[in-house]
Amino acid sequence: MSLVSIRDVRKSYGAQEVLKGVSLDVGRGDVVAIIGRSGSGKSTLLRCINGLETYQAGAITVDGMAVGDGKTDLRTLRRHVGMVFQQFNLFPHLTAGENIMLAPTVVVKEQKGEARAMAEALLEKVGLAGKFDSYPSQLSGGQQQRVAIARSLAMRPTVLLCDEITSALDPELVNEVLKVVEQLASEGMTLILVTHEMRFAREVGTKLVFMHQGRVHEEGPPKALFANPATPELAQFVGHQN
Amino acid sequence: MIQQLNFGDLLPYWDVFARGLVFTIVLTLTSTVAGLALGTAGAWARTFGPKWAGAVTRVYVEIIRNTPFIVQLFFIFFGLPALGVKLSEDVAAFIAMVINLGAYSTEIIRAGIEAVPKGHLEAGASLAMSRWEIFRHIVLKPALMKVYPALSSQIVIVMLGSAVVSQISAEDLTYAANYIQSRNFRAFEVYIVAAFLYLLLAIGLRALLRGIGRAMFPKG
């Protein structure tokens, strides 16, 4: 039984159909890298999984919870599905530590002391011990994104969605973020990443999904797919990338 | 023909000035606090609240921002008794000021709320926060921080506009000036002093607001 199951999902913005029947299964502990051109529907698909976007047809379930059927409480779902964004989206009026503590104290009603201890542990995990009291504006992009990852982890998600989380970073800051993600993968966290980091997708991913024109065009083990793309579109795409 | 200036004639009335000054200060401070609370609620209604609350707020804001303050004040003090609502001058003045500042600050704070990046709301939603929790913990403070200078100006405007409450015999600084010049006929001196006191009040108020801003928004 897959942890995340996506069945024939369709979504349109007006007359423009962006997801044309997408199906995908993600097992516990999988690291799924979704690649494809901009406009291929990767980010939209990811945002459907935690209900940030609605879809018109098909079905998505996460850990048995149906997403977008109007019955499942989105807040219950989102406690199990974390998300990290391209633009970090740290709350600028809160310190790094407070950013991490916010949801545990407000949503889960954890005690301040516990939440603080967890925030400190998470900051250490992402290599930012000692930055608890720094405001986002005092941190580099790579540091901000690592805080954002720690903030998601504070809700103890079952699956973590990463939406082009290194695309807004200067090249020299990309690796520090990817290292954190790689560590999460090695600890068995289920990850679904929309990414342009082909090397990372190949080395760390357990499954590669190539999206093209609103469909899953090709999927399989990353190394095999990169070595022998079955379709000319993927061949061209990875050819351009490498 | 120019009369000789004589500020000495004002001295016997210093306590009248003092009482008026205190009244204006208390009226400004209390109605600012209540008016900003009302404005925050109004801004919430227009952005995060239910549709009907947004619509009601919109009507309220348009009515207040498109009618003169003195008419609003007269309506509350002279008009409402026809409906059986009798208010003292002080209470009527307070309510008029709150309603007025509430409408203007609704629009100012709403602008701040709309300037909060959508991604921050999505980040909050992704952390399983409710709409109210997102507003309360993610949106409100950055929104207030962004529009704090505009809010400060509006508060000073409202303080200066409070001179109008003398027209319903609320005993503020302007009322005191009117009263004194009706006794000693030293209009020039009285209103010079009144103007000077308003100037001091405005400067003091701006300094106070700056201090509060620095304390509330250490990063601003």
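The values are calculated or read from the model by the stated rules, or taken from the named source; none is laboratory data. Just so you know, these numbers come straight off a predicted model, no measurement behind them. Glycine gets a Cβ as well: all are built from the backbone with ideal geometry, and neighbour counts include every protein chain shown.
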Out of all the residues in the range A:215-237, which are modelled with pLDDT under 95 and in a loop (DSSP other than H, G, I, E, B)? A:Asn228, A:Pro229, A:Ala230, A:Thr231
Just one of A:Arg151, A:Arg156 is of a type in the set (Lys, Arg) and buried (at least 22 other Cβ atoms within 10 Å of the Cβ); which is it? A:Arg151
Here are B:Ala45, B:Ala93, B:Ala53: which of them is away from every other protein chain (no Cβ under 14 Å), farther than 30 Å from A:Thr72 by Cβ and either small (Gly, Ala, Ser) or surrounded by 18 or more Cβ atoms within 10 Å (Cβ to Cβ) (or both)? B:Ala93
Using the structure shown, decide if A:Ile165 is in contact with a Leu (Cβ under 9 Å, 6 or more places away or on another chain), outside any loop (DSSP other than H, G, I, E, B) and buried (at least 18 other Cβ atoms within 10 Å of the Cβ). no
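For A:Ser140, indicate whether it is more than 14 Å from chain B (Cβ to nearest Cβ) and in contact (Cβ under 8 Å) with a residue 24 or more places away in the chain.
Judged against the criteria, A:Ser140 is a match.
Please note which strands (runs of 3 or more DSSP E) are completely contained in the range A:19-74 and include at least 2 residues that are over 23 Å from A:Leu225 (Cα atoms).
By residue number, A:57-62, A:65-67.
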Can you tell which of B:Ser169, B:Ser162, B:Ser152 is in contact (Cβ under 8 Å) with a residue 24 or more places away in the chain, away from chain A (no Cβ under 14 Å) and on the phi > 0 side of the Ramachandran plot? B:Ser169
Applying the selection to the range B:64-90, what residues are under 17 Å from the mean Cα position of the chain (by Cα) and without any contact (Cβ under 8 Å) to a residue 24 or more places away in the chain? B:Asn66, B:Thr67, B:Pro68, B:Val71, B:Ile76
Consider the range B:128-137. How many of its residues are within 9 Å of another protein chain (Cβ to nearest Cβ) and outside any loop (DSSP other than H, G, I, E, B)? 3
Flag if A:Lys42 is more than 14 Å from chain B (Cβ to nearest Cβ), surrounded by fewer than 16 Cβ atoms within 10 Å (Cβ to Cβ) and charged (D, E, K, R): no
Please work out which residue is nearest to A:Ile35 (Cα to Cα), limiting yourself to the range A:45-60 and to residues that are aliphatic (A, V, I, L, M) and within 14 Å of chain B (Cβ to nearest Cβ). A:Leu46
Is there a residue being among the aliphatic types (A, V, I, L, M), farther than 17 Å from A:Glu124 by Cβ and within 13 Å of chain B (Cβ to nearest Cβ) anywhere in the range A:178-185? no
Exclusive hit being more than 12 Å from chain A (Cβ to nearest Cβ), within 30 Å of A:Arg151 (Cβ to Cβ), part of a helix (DSSP H, G or I) and not basic (Lys, Arg), set B:Ala125, B:Ala103, B:Ala111: B:Ala111
Just to check your reading of the model, which residue among A:Met101, A:Met83 is outside any loop (DSSP other than H, G, I, E, B) and facing chain B (nearest Cβ under 8 Å)? A:Met83
